[in-house]
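Following: one structure in structure tokens, then a few remarks.
Since every read-out is calculated from the coordinates, none of them should be taken as a lab result. Here the structure is a predicted model, which means the values were calculated and not measured. Counting neighbours? That spans all protein chains shown, and the Cβs are built from the backbone with ideal geometry, glycine included.
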Amino acid sequence: MSDQLYIGIDLGGTSIKVGICNEAGDLVAKFEVPTHAEEGPEKVADLMAAYSRVLVENTGLDWDKVAGVGAGIAGFMDLKNGIVKLGPNLKWYDVPIRDMLQQRLEKPVLIDNDANVAALGEAWAGAGKGIDNVVLFTLGTGVGGGIVMNGKVVTGQGSAGELGHINVVPDLEAIQCGCGQMGCVETVSSATGIVLMAQDAVQRGDKTTLALLEQISAKAVFDEARAGDEVANRIVQRAGYYLGRTLATVAVILNPQRFIIGGGVSRAGELLFAHVRENFAKYTPPAAQTNVDIVVATLGNDAGMIGAAGLHLQR
């Protein structure tokens with residue numbers, strides 16, 4: 001194995017995370033700074049480039065050993081031309097970030113959606129290490145997703161893997177998702193969806209300890225469920241039910257070896273996972289669930305940096 005290095009950048013609306021990885025996927029060093037998105041794409045590109053160089057220098061590594069730079073960015077991509085078509089959190093429209101970074105860094109640059117690179121990170125060095133076919137669900141404010149088949153991220157025309165927008169809730173129960181559609185799994189299995197279900201229960205006057213809370217969070221719902229609150233348990237069951245059914249849909253299409261579930265909601269652990277596994281088994285044909293497991297993500301906030309660094313190796 002050579003001693004080449006790869007820089008991975010996880011670009012979000014509030015922070016820029018920069019990491020250095022070796023060819024084994026080991027995170028050698030990392031650094032985080034504010035994005036300053038309000039100052040525009042040129043300023044953000046300046047920061048991404050500057051802190052990539054600074055991190056290498058401060059770690060005592062050789063810039064000449066950097067073989068490539070990858071960036072994971074939330075939004076819709078034109079991967080062929082290296083353009084962020086729409087980055088809502090950054091308020092970016094048609095930003096040619098790949099070329100902007102290549103000019104500043106004088107290194108090959110690849111970009112991809114943030115959820116895709118997180119999936120690649122988990123597949124390369126996390127819960128999917130050593131497995132060729134994995135699907136990642138990230139349960140946070142929304143539900144994100146990434147697909148890695150035969151060791152490569154599935155991108156389609158640039159927007160593949162939007163798993164949170166699989167329509168799974170029947171019409172009579174469905175509410176509108178942020179994407180504009182009705183009944184997406186994101187509306188019930190994200191932190192936002194769980195909070196909305198809890199707030200609805202309180203407003204209906206259901207007998208629940210959730211009504212005693214000043215502010216309801218997804219964590220609070222899980223805590224009350226563990227304490228035996230029936231309404232909170234019903235909400236957790238519903239979140240797990242629809243997530244399990246969504247995994248069943250994905251399984252018959254992609255037949256992955258492993259589903260990896262990350263994001264803040266995944267910290268609920270078996271309280272949620274038991275319902276996910278139960279309904280996955282119930283709604284997936286036997287052939288599509290054989291040798292398929294469902295596990296929690298292991299890389300946390302480092303997944304995006306590691307996956308972005310790995311873009312050059314997997315392509």
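Stretched out fully, how many nm does the piece from D78 to T209 gain, at 0.36 nm a residue minus the Cα gap?
Here the answer is 42.4 nm.
Nothing charged except the Cβ atoms of Lys and Arg (+1) and of Asp and Glu (-1): what's the magnitude of the dipole of region 134-297 about its Cα centre? Round to the nearest 20 debye. Result for region 134-297 is approximately 380 debye, rounded to the nearest 20. Fully extending the segment from I131 to E106, taken as 0.36 nm per residue of separation minus the present Cα-Cα distance, adds 5.7 nm.
Near K43, which lysines are there with a Cα under 16 Å away, not counting those fewer than 8 places off in the same chain? Once the sequence-local lysines are set aside, what remains near K43 is K17, K91.
Computed extension length for K152-A274: 41.0 nm, one decimal, from 0.36 nm per residue of separation with the Cα-Cα distance subtracted.
The modelled label-to-label distance for the pair D3/F31, using points 7 Å beyond Cα in the direction of Cβ, is 2.1 nm.
Expressed to the nearest 5 percent, the antiparallel share of DSSP beta bridges inside the chain is 60 percent. Excluding same-chain neighbours fewer than eight residues apart, the lysines reachable from K152 by a Cα-Cα span under 21 Å are K80, K129.
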